[in-house]
Amino acid sequence: MSPRTNDSTRGSGQEAAPPAGAPAASEVPTASEVPAAAAAPRTASTAERVDALRRFAAAVRRGRGPHAAACAVLLAVAMTAGAVAVGGDGRDAARAVPGVSRAVSADVVVRGDLDTAIRSLRAHVREQPRDFGAWATLGLAQVERARTDGDPSRYARAERALARSLALRPGNDQALAGQAALAAARHDFAAALDHAESALERNPYSERALCSRIDALVELGRYEEAAKAATVADRRRPGVPVFTRYAYVRELRGDVRTARRVLHQALDTAAGPADVAYVATALGNLERGQGRYGTALRHYARALAADDAHLPALEGRARAQAAEGDRAGAITTLELVVARSPLPGPLVALGELYEDRGDRAKAREQYALVDAWTALARAGGVNEDLDTALAAADHGDTAEALRAARTEWDRRRTVHTADALAWALHRAGRSAEALPYARRATATGYRDAAFLYHRGMIEKAAGHDRAARASLTAALELNPGFSPLGGRAARAALKDLEAAR
């Protein structure tokens, strides 16, 4: 689930004097203290980002010793290309968003240009370092930026900004909600729930905290509680962020019809391009998962008409293109996505498309980039064991896949972690042990072709041929283009099962 929030601040939050322990103005660099090269922070170019990941991937393949650790530091620098958390002249940045007050609201963070908002917030806290609300919003902006550009080094900056906000105003709900979002982004969902509950004790109507509570409960596998939390959030703060989460909770319980209806309602109420792109992409993903590729592509087209750079919509479109048989178009689109945001999901998808067309060298490079990104994510405090388990089970070290899946299962027991552990066990040759987890992954009513495929292959290996035929058939009927490699394996397995009857 992709967290998405639309909180807005309720004022500038400035105080006449900071409480004990608050950062002094001297802690924020002035223009004269910032090198000229850092005065205008920039994002690394596409070539720089991908080249940095490639060099780091090579180091990871060579070994996990000091050389790889040093490369991780260099990679973090390369990914951000020298951008600083707080700095620069600030005067031009403060003018970059027309009509934005000096206390930049969180609304700008989620509905405007994130890079511009971050520059404006940096400028503002340099001039008003006691503005706890602006520090909280800066932290939230860094979390959101890290999620969109795949750069986990931003999470440390977010953490520092949120800590400053809490030092200036202990217990303020904006920063606590920001900490919940940060913890969720790092996949520490127990901490995310704690922070969200703390924020809601202070402000029961905090949209961000309400949404983070739903996210955390879902990702901890506490689906009944998540459904109740979604109902409460819908009563207190109805709107796009809550609607999309309510829809996902319904989808997890197998109620696709309600999920679709709620997402259409959310799309009807979407106020700006960012919300339109977000909801239309969610609708596209829902329809693609049900094998309705033409409908999905229309939703992705609407999302990209609202925001032609919306990466989740581009990724979804590529996956739908591949499912419809347009492998060349899918590869072209995914190459654009991974160049801008080299996250494990699109990297694996691109690698499988390369592998499907016989280009194993390019496929291996994508899988190596997954390892590189995962190492960087862990250095940034992100728990990436679920992505690691799935990627390694299919394209890497099965022992590492099993270790990662067990770690994630111990941390949170969801349908996704059950599926990952089942598949890792199966790939390690322990299919009988995997079967209960595969059954648990499909027990809530959630309909996912990959889950059904995994269950069918495990059932086949465990000697349950009739059940295997049912699961594999269900996977291909639901979403025949769920994976170029998985779909081919499912059809081959079904042919073997029919021949053995």
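The values are calculated or read from the model by the stated rules, or taken from the named source; none is laboratory data. Note that the coordinates shown come from a computational prediction; the quantities given were computed from them, not determined experimentally. All Cβ positions, glycine included, derive from the backbone under ideal geometry; neighbour counts span all protein chains shown. Accessible surface areas use protein heavy atoms only, side chains included; no ligands, DNA or RNA. Shrake-Rupley method; radii C 1.70, N 1.55, O 1.52, S 1.80 Å.
The table that follows gives values for the structure above.
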item	result
Some residue of the range 208-225 being touching a Phe, Trp or Tyr at 6+ places or on another chain (Cβ under 9 Å), assigned to a loop (DSSP other than H, G, I, E, B) and open to solvent by 10 Å² or more (accessible area, probe 1.4 Å)	yes
Residue in the range 229-243 that is more than 23 Å from the chain's Cα centre (by Cα), of a type outside the set (Ser, Thr, Tyr), assigned to a helix (DSSP H, G or I) and within 20 Å of His310 (Cβ to Cβ) present	no
Those residues of the range 160-191 which are open to solvent by 20 Å² or more (accessible area, probe 1.4 Å) and either among the β-branched types (Val, Ile, Thr) or closer than 30 Å to Leu336 by Cα (or both), in sequence order	Arg186, His187, Asp188
Conditions (1) of a type outside the set (S, T, N, Q); (2) under 27 Å from Ala181 (Cα atoms); (3) open to solvent by 10 Å² or more (accessible area, probe 1.4 Å): number failed by Val415	(3)
Residue match in the range 182-191 (condition: assigned to a loop (DSSP other than H, G, I, E, B) and acidic (Asp, Glu))	yes
Cβ-Cβ under 7 Å pairs, at least 6 apart or on other chains, the range 462-475 side over 22 Å from Arg430 (Cβ atoms), far side open to solvent by 50 Å² or more (accessible area, probe 1.4 Å) and basic (Lys, Arg)	none
Conditions (1) at pLDDT below 95; (2) under 16 Å from the mean Cα position of the chain (by Cα): number failed by Gly325	(2)
Selection count, the range 322-367, where residues are farther than 21 Å from Arg378 by Cα and not in a loop (DSSP other than H, G, I, E, B)	27
Test set (1) in contact with a Ser or Thr (Cβ under 9 Å, 6 or more places away or on another chain); (2) open to solvent by 50 Å² or more (accessible area, probe 1.4 Å); (3) small (Gly, Ala, Ser) - Ala399 fails condition number	(1)
Where a residue in the range 381-410 is in a loop (DSSP other than H, G, I, E, B) and its partner, wherever it lies, is of a type in the set (Gly, Ala, Ser) and open to solvent by less than 10 Å² (accessible area, probe 1.4 Å), with Cβ under 7 Å and at least six apart	Glu384/Ala377
Of residues in the range 339-367 being among the small types (Gly, Ala, Ser) and surrounded by fewer than 21 Cβ atoms within 10 Å (Cβ to Cβ), the one farthest from the chain's Cα centre (by Cα)	Gly358
